[in-house]
Amino acid sequence: MDKFAGRQKIIIGFFAICALLLVYKSAELQIFETKYREQARRTTLDKRINYPSRGLIYDRNDKLLVVNTPIYDIKATYKKVDPQMDTAAFCNLLEIPIDTFKILLDKNWKSRRYHKSVPFRFLSKVKPEIFAKFQERMFDFPGFYPVTRNIRSYPHKNAAHTLGYLGEVDQRTIDQSEGKYEAGDFLGVSGVEKSYDNLLRGSKGLNYLLKDNLGRDVGSYESGALDSSAVSGEDINVALDLALQEYGELLMSNKRGAIVALEPSTGEVLTMLSAPTYDPNILKMDINRGEAFNDLLSDTINKPMLDRSVISKYPPGSIFKPIFALIALQMGIYEPNRTIYCDGSYEVGKRGFSQGCRDHPTPYNVGIALQWSCNSYFYQLMKECILLNGYDNPGKGLDTIVSYLSDFGLGKKTGLDYNYENEGFIPDSKYYDNLYRDVVNGWKWSYILSLGIGQGELELTTLQMANLAAIIANRGYYYKPHLLRAIDGDKQAIDGSYLTKEKVRIDPQHFEPVIEGMEKVISQGTARAAYVPGLDICGKTGTSQNQRKVSHSVFFGFAPRNNPKIAIAVYVENAGSGGAIAAPIAGLMIEKYLNQEIAPNREYLENVMIETNLLDPYERKVESTAMDTLYNN
């Protein structure tokens, strides 16, 4: 008897455990698990997304750069589409073929992107007049409903590269977004739109609508208890000066290159342009966008989609000389008043370098050497810097120079708040050890002499060049260049790293003799085309050699000499000497920013720069002009 009683207890216990497990599983499915509850809710509810307005973008003077324009979509829920609906009338209303209707309706759920009960985008970018007609008759077509979203448009045709553009999210982004994005959403793809997408995007709202058995709206679910309002994105001010940006793009018409201008006291980007450019409106998210994209990408000669201001790397040419002069002073290689004789060539052993020095006065100091861009002067300084630790150890001297260049922000990103920035390239001893690994006894100082005049393997972006000008203007420090100026009017809301000084290891007293020389470059030297009375512009020209085509024209500088308001770099591809094209463009830009207008006696120069066409033909040869003859490199 006891034996059977024991078995009975075991059986009862077994069933009790099974019952508990069933109760637990039932509770899990009905109370804790939301998957099936959501699935049931889909059969009675429509979840309608309210798309937020994207934040507006203003320039530093509160001029509107980017606005929102409505775009019209039609969404569908496959399971709620009436199979008996008048398909012909529907297609006629939307102006689409019946075959297209079938494809658009079937492709989403058959590809398993959506459940049959989940709304999907049936038709996008519907014309406003068609959308209005659909709204009037949408109750004739259950399962379809209208949605209004916003795309970007641009009151001005400027700053296309810098502002960037929007694009639709791809599946990978959706999968990694943890619910933030879904198919059809827009996000910033480039420029400011990408860098500050989180600020500009805002957050979606939701409305849950109760449906009857015919799929018609009968009211808000639970009196709107689950609904939420869309929250608009933040408005931002970028540091760009629209008037200056527009003027720079005008001067760079029919040219390849870039201009970057900074405010030295803050690091704010006043102008950042790449030429050739394009009207940002052609990349709006409308029905013509694909064709416009293809047109831009197919121009493989001018490459209008390439942002030359931050992506293209260029040899800086002679604008590197003021930086190298400061480093050599700090290294104790020379005194500012040192004389180095120049007869137009520089000897290395028994051979002389033909280095392009035109007739100029003997450089009795570094200022005169900069004024006339004397290559012999800087070849000699480079040689002495490299050999500071002896003939057998040129790498150590080079690496000392490289360490100073790192302080100037070279060989690395400046930290610009932008979607992409190139690091440029600064060669060090390891690079040359590898490059000349097959040379007996290794490379010599003479192999890298051209670095002293900004040639050789040295490569900088135009942004880095402008930042160098800002460092000299500030006598030894800079703020990281940045585009964001304020968030909803609050300047203190920007990242604190952009408000922190970055200092270089150059003693303050070394800057004045270099700046003195840079001022003479403008008033009496190679950049007289950039001279503007009363503005005290300081700068340096460069002619960056190009083995395949005409040399590049380069200039960097700042103004005024004391309490500078603008630092600028201009790089014009295949334009000849720095004094011929880049310098006058920079002078006009500085004049426009500081004086707000161009003096009547300089309007001829403005017209010459605007009308100069360096694109046609691409393989053009620069003829010797009066400016090329007058102004050296």
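The values are calculated or read from the model by the stated rules, or taken from the named source; none is laboratory data. Note that the structure is a prediction, hence the values are computed from the model and not measured. Glycine gets a Cβ as well: all are built from the backbone with ideal geometry, and neighbour counts include every protein chain shown.
The table below lists the values:
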item	result
Selection status of D488, on the phi > 0 side of the Ramachandran plot and surrounded by fewer than 16 Cβ atoms within 10 Å (Cβ to Cβ)	yes
Lone qualifier among D279, D343 - being at pLDDT below 95 and over 20 Å from the mean Cα position of the chain (by Cα)	D343
Filtered residues of segment 45-78 (kept if within 30 Å of A243 (Cα to Cα) and in a strand (DSSP E or B))	I57, Y58, L64, L65, V66, V67, N68, T69, P70, I71
Long-range neighbours under 6 Å by Cβ, at least six apart or interchain, first residue farther than 13 Å from G517 by Cα within segment 312-338, second of a type in the set (D, E)	K313/E459; I333/E384
Qualifying residues in segment 143-200 (those that are modelled with pLDDT of 90 or more and more than 21 Å from R289 (Cβ to Cβ)) - the one surrounded by the most Cβ atoms within 10 Å (Cβ to Cβ)	Y196
The listed residue being at negative phi, at pLDDT below 85 and either in the same structural domain as V126 (by TED's automatic domain parsing) or among the hydroxyl-bearing types (S, T, Y) (or both), out of S354, S312, S318, S298	S354
Counted residues, segment 438-497 - those being under 20 Å from G409 (Cβ atoms), assigned to a loop (DSSP other than H, G, I, E, B) and of a type in the set (G, A, S)	3
Residue match in segment 468-483 (condition: modelled with pLDDT of 95 or more and of a type in the set (D, E, K, R))	yes
Meets criteria (of a type in the set (G, A, S), outside the structural domain of H156 (by TED's automatic domain parsing) and on the phi > 0 side of the Ramachandran plot) for G248	no
Test: residue in segment 474-482 that is surrounded by fewer than 19 Cβ atoms within 10 Å (Cβ to Cβ), under 34 Å from the mean Cα position of the chain (by Cα) and in contact (Cβ under 8 Å) with a residue 60 or more places away in the chain	no
Pair list, Cβ under 6 Å, 6 or more apart: segment 79-108 residue within 15 Å of S124 (Cβ to Cβ), other residue not aliphatic (A, V, I, L, M)	F101/C91; L104/F122; N108/Y114; N108/F120
Hey, G587 crowded, with 24+ Cβ neighbours inside 10 Å, in contact with a helix residue (DSSP H, G or I) (Cβ under 7 Å, 6 or more places away or on another chain), at pLDDT below 95 and not β-branched (V, I, T) or not	no
Matching residues, segment 79-93, being of a type outside the set (D, E, K, R), surrounded by fewer than 16 Cβ atoms within 10 Å (Cβ to Cβ) and in a helix (DSSP H, G or I)	A88, A89, N92
Count - residues of segment 394-442 that are more than 27 Å from M272 (Cβ to Cβ) and in contact (Cβ under 8 Å) with a residue 60 or more places away in the chain	2
Some residue of segment 256-270 being touching a Gly at 6+ places or on another chain (Cβ under 6 Å), crowded, with 21+ Cβ neighbours inside 10 Å and in a loop (DSSP other than H, G, I, E, B)	no
Among the residues listed as G332, G248, the single one being surrounded by 23 or more Cβ atoms within 10 Å (Cβ to Cβ), small (G, A, S) and within 30 Å of Q371 (Cβ to Cβ)	G248
Odd one out for L273, checked against (1) within 18 Å of the chain's Cα centre (by Cα); (2) surrounded by fewer than 24 Cβ atoms within 10 Å (Cβ to Cβ)	(2)
Count of segment 518-537 residues which are part of a helix (DSSP H, G or I) and either closer than 11 Å to W372 by Cα or without any contact (Cβ under 8 Å) to a residue 40 or more places away in the chain (or both)	5
Selected residue (criterion: modelled with the lowest pLDDT) from residues of segment 62-121 that are more than 22 Å from R48 (Cα to Cα) and among the acidic types (D, E)	D99
Qualifying residue in segment 501-519 (condition: modelled with pLDDT of 95 or more, of a type in the set (V, I, T) and out of contact with any strand residue (DSSP E or B) (no Cβ under 8 Å at 6 or more places or on another chain))	yes
Test: residue in segment 449-461 that is surrounded by fewer than 23 Cβ atoms within 10 Å (Cβ to Cβ), in the same structural domain as G267 (by TED's automatic domain parsing), modelled with pLDDT of 90 or more and in contact with a Ser or Thr (Cβ under 7 Å, 6 or more places away or on another chain)	yes
Q380 being within 16 Å of V348 (Cα to Cα) and polar (S, T, N, Q)	yes
